[in-house]
Amino acid sequence: MRFANTVPGMKYIFEVTINPGWRIEDYVKVWQAESEIIQREPGARGTMLHRPVNQSDRLLAIATWESKALRDAALERLKNDPEIVKLRRRREPIVTFRLIGEFEDPEWIVPAS
């Protein structure tokens, strides 16, 4: 085991459930457009979607930020952005979100041998 040798940051992890009548691909289009805007903000470090094995109605979303303060400031700045508002209205009928948690980057890592 070794201590992580990374710049501290935060992970925001969400379970995304696709609502009946919609497909994952419907959500991905909106997610990608919204994420491209958000990732221009200071402190944004990327976002990913993970598809579970053998499930077609759920995703795991992980957003990485330099700090909670920078993420909170970015979301406050963007909350009334016309393009973000439009995209969020588009995604509302498609998915349901559940915040799994806000996590600091790892303190301990066991690398592969």
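What follows draws every value from the coordinates through simple rules; no lab data is involved. Everything numeric in this text was worked out from a predicted model, so none of it was measured. Cβ sites come from the backbone with ideal geometry, for glycine too, and all protein chains shown count toward neighbours.
Annotations
- Using Cβ point charges alone (K and R +1, D and E -1), the dipole size of the range 2-105 about the Cα centre works out to roughly 160 debye.
- Local electrostatic count, Asp26, Cβ distance below 13 Å [Lys/Arg +1, Asp/Glu -1]: +1
- Pairwise label distance in nanometres, Ile109 with Glu25, each label 7 Å out on the Cα-Cβ vector: 3.6
- Per-residue Cβ neighbour counts within 10 Å put Trp31, Trp65 in the sequence Trp31, Trp65, beginning with the fewest.
- Segment Ala33-Arg45, length gained on full extension (0.36 nm per residue, minus Cα span): 2.7 nm
- Considering helices alone, the calculated mean residue ellipticity of the chain at 222 nm is -10000 deg cm²/dmol, with DSSP H runs of length four and up weighted by -39500 (n - 2.57) and normalised per residue.
- Footprinting exposure proxy for Arg89, Arg45 (fewest neighbouring C-beta atoms within 10 Å first): Arg89, Arg45
- For the chain, the gyration tensor built on C-alpha atoms gives an oblate shape. Its axis ratio a/c (a ≥ b ≥ c) is at least 1.5, and a/b is not larger than b/c.
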